[in-house]
């Protein structure tokens, strides 16, 4: 997509408008001198300063680390599901071995991006089905 912007238009406003067209909105309410954006479709997302830093403040100009909380609701369908994937008992060593055995160059050699992504997701679904066991709910 090619865009030209008038020099009198604030670039941040243009970016905000484009993200708005995608139903993504800036929810970060922490004011500081640096550009800090978190775009989301969930207005209940809360952004706050983290109690830790990812890098020492002197390395990245005193830029603070932010955390965000996203409210998740369990739907009725989720609450009454008869089984679930039991990831804590997964065969992760076998998953890694399987992934290492794939010849990625051959798998994606003559494919476009969309085909590669679809193939990759199908592969992940297959691996989860094969190496992560389901467990029945007790209820």
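The values are calculated or read from the model by the stated rules, or taken from the named source; none is laboratory data. Source: prediction; values computed, not measured. All Cβ positions, even for glycine, are placed from backbone atoms using ideal geometry, and neighbour counts span all protein chains on display.
Taking residue 128, is it touching a strand residue (DSSP E or B) at 6+ places or on another chain (Cβ under 8 Å) and surrounded by 12 or more Cβ atoms within 10 Å (Cβ to Cβ)? Spell out the reasoning first.
Details: touching a strand residue (DSSP E or B) at 6+ places or on another chain (Cβ under 8 Å): yes; surrounded by 12 or more Cβ atoms within 10 Å (Cβ to Cβ): yes.
Yes; evaluated as a whole, the condition is true for this residue.
Being loosely packed, with under 11 Cβ neighbours inside 10 Å and at pLDDT 90 or above narrows it down to one of 139, 101, so name that one. Quick ask: steps written out before the conclusion?
Working: 139 fails: at pLDDT 90 or above.
It is 101.
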